[in-house]
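Step one of this worksheet: look at the structure below.
The values are calculated or read from the model by the stated rules, or taken from the named source; none is laboratory data. None of the values given here were measured: they were computed from a predicted structure. Every residue, glycine as well, gets a Cβ built from its backbone with ideal geometry; the counts of neighbours run over all protein chains shown. Quick note on the areas: whole protein, heavy atoms, side chains included, nothing else; ligands and nucleic acids left out. Shrake-Rupley method; radii C 1.70, N 1.55, O 1.52, S 1.80 Å.
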Amino acid sequence: QITLLSYIAGQTSKIRLVTSVLIVPHRNPLIAAKSLATLDVLSGGRLVVGVGVGWMREEFQALGLPPFEERGAVTDEYIRAFKVLWTEDDPHFEGKYISFDDISFLPKPVQKPHPPIWVGGESRPALRRTAELADGWYPLGSNPTFPMGTPEQLQAGLDRLAQYAQRFGRDPSTIETIYRTHQFELKKEAAGPDRLPFVGDADQIAGDIRQYQNMGVTSMIWDFLRQTDDLDTMLGLMENFAKQVWPKV
């Protein structure tokens, strides 16, 4: 995905480039930090580093990584190493999984102090990681293990995040919330009271967006690829959203 985003950076000038998500333990942290910093420079400061711990044990075994059970601790340590590399002139780090000293690390990212870090995941460890180490929480609405598909479920997650933020001495309002969903069904007529979020006519969907904004969501991502693998159909969904829903928000 870093290679793909580098290509996209060269074809665009405004859109943000989000790793969605980078499985942090998969890559040597020095190489990953270098690649990400270079991408931020080449894109003029448009990178967002979305991170996750991974879920497939077989990937960890195939890549010869630290034990799958330790992926959370590895991720935390690598994120801390990223920050040292991105911000310090004489980076030094001593950890369980990575250590370095007496090295030069250039270029530094354009964004200061570093590109935003969004933590993907809905579990309590993901919320703790967000509050301790990140700039934004990036939950997915359709995770069956930790459902966030309704405003009430997301609000419960936001309440838990606020508790973790306070534990680490942070103001919860300074942490972005980026909500991702693949639910989008635009109808010509209004849907009934038992409808799902983002299902209904343009006024109802625009109202849903405003509700999530009022809850504290700062960015929303619609995953149209989950609905169809046909390009023309996907472009049609995007056009309907842009022309019929967004002007009402």
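Treat every Asp and Glu Cβ in the chain as -1 and every Lys and Arg Cβ as +1, leave all other atoms uncharged, and give the resulting dipole magnitude about the Cα centre to the nearest 20 debye. Each step should come with its number before you reach the end.
On the way: 26 positive and 31 negative charges, 68 e Å.
So the magnitude is around 320 debye.
Note that region 1-149, at 4 °C in a medium of 1.567 mPa s, gets a Stokes-Einstein diffusion coefficient of 81 µm²/s from its Kirkwood radius over C-alpha pairs. Give me log10 I(q)/I(0) at q = 0.26, 0.27, 0.28 Å⁻¹ for region 1-51, Debye formula, one equal scatterer per alpha-carbon, no solvent. Evaluating at q = 0.26, 0.27, 0.28 Å⁻¹ gives log10 I(q)/I(0) of -1.00, -1.07, -1.14. Coupling constants for region 132-139 follow from the phi torsions by the Karplus curve (6.51 cos²θ - 1.76 cosθ + 1.60, θ = phi - 60°), and in residue order they are 8, 10, 10, 9, x, 9, 10, x Hz; glycine and proline get x.
Between LYS187 and SER123, residue separation times 0.36 nm minus the direct Cα-Cα distance comes to 19.7 nm. Placing dummy labels 7 Å off each Cα toward the beta-carbon, the span from GLU94 to ARG167 is 2.7 nm.
Within the accessible area of region 130-249, the carbon and sulfur atoms contribute 50%, probe 1.4 Å, all protein chains present. The share of Cα pairs per 10 Å bin across region 29-92, counted from zero up to the longest distance, runs 19, 44, 30, 7 percent.
Computed about its Cα centre, the charge dipole of region 1-123 is approximately 600 debye, with only Lys, Arg, Asp and Glu carrying charge at their Cβ.
With a probe of 1.4 Å, find how much accessible area region 1-155 has per residue, and write the answer as a whole number in Å². Walk me through the numbers on the way to the answer.
Numbers: 7360 Å² over 155 residues.
Per-residue accessible area for region 1-155 comes out at 48 Å².
Can you give the Rg to Rh ratio of the chain, both from alpha-carbon atoms, with Rh computed by the Kirkwood formula?
Values: Rg = 19.4 Å, Rh = 19.6 Å.
Reported Rg/Rh (Cα atoms, Kirkwood Rh): 0.99.
Heavy-atom surface analysis with a 1.4 Å probe gives region 1-80 a carbon and sulfur content of 58 percent of its accessible area. Taking 7 Å steps out from each Cα toward its Cβ at THR12 and SER104 produces label points 3.3 nm apart.
How big, in percent, is the set of alpha carbon pairs in region 145-238 lying more than 23 Å apart? Don't skip to the answer; put the middle values down first.
On the way: 1474 of 4371 pairs.
Beyond 23 Å sits 34 percent of the P(r) for region 145-238.
Net charge near PRO29: determine it from the other residues with C-beta under 11 Å of the C-beta of PRO29, scoring Lys and Arg +1 and Asp and Glu -1. The partial results should precede the final answer.
Numbers: positive: ARG27, LYS34, ARG80, LYS83; negative: GLU77.
With Lys, Arg at +1 and Asp, Glu at -1, the net is +3.
As a rough guide to protection, the peptides 65-73, 19-27 ranked by mean Cβ packing within 10 Å, highest first, stand as 19-27, 65-73.
Between LEU231, LEU42, LEU161, the GNM of the chain built on Cα springs shorter than 10 angstrom shows LEU231 fluctuating the most.
May I ask for the net charge around THR150, where only other residues with Cβ less than 12 Å from the Cβ of THR150 are counted and Lys, Arg are +1 while Asp, Glu are -1? Charge balance near THR150 sits at -2.
Projecting the Cα positions of GLN244, TYR78, SER123 onto the charge dipole of the chain (unit charges on Cβ atoms of Lys, Arg, Asp and Glu, taken about the Cα centre) puts GLN244 furthest along the positive direction.
Heavy-atom accessible area per residue, region 161-244, 1.4 Å probe: how many Å²?
On the way: 5030 Å² over 84 residues.
That works out to 60 Å² per residue.
The calculated P(r) of region 195-249, using every Cα pair and 10 Å bins from 0, goes 23, 52, 24, 1 in percent.
The sum of -39500 (n - 2.57) across all DSSP H runs of n ≥ 4, divided by the residue count of the chain, sets its helix-only mean residue ellipticity at 222 nm to -12500 deg cm²/dmol.
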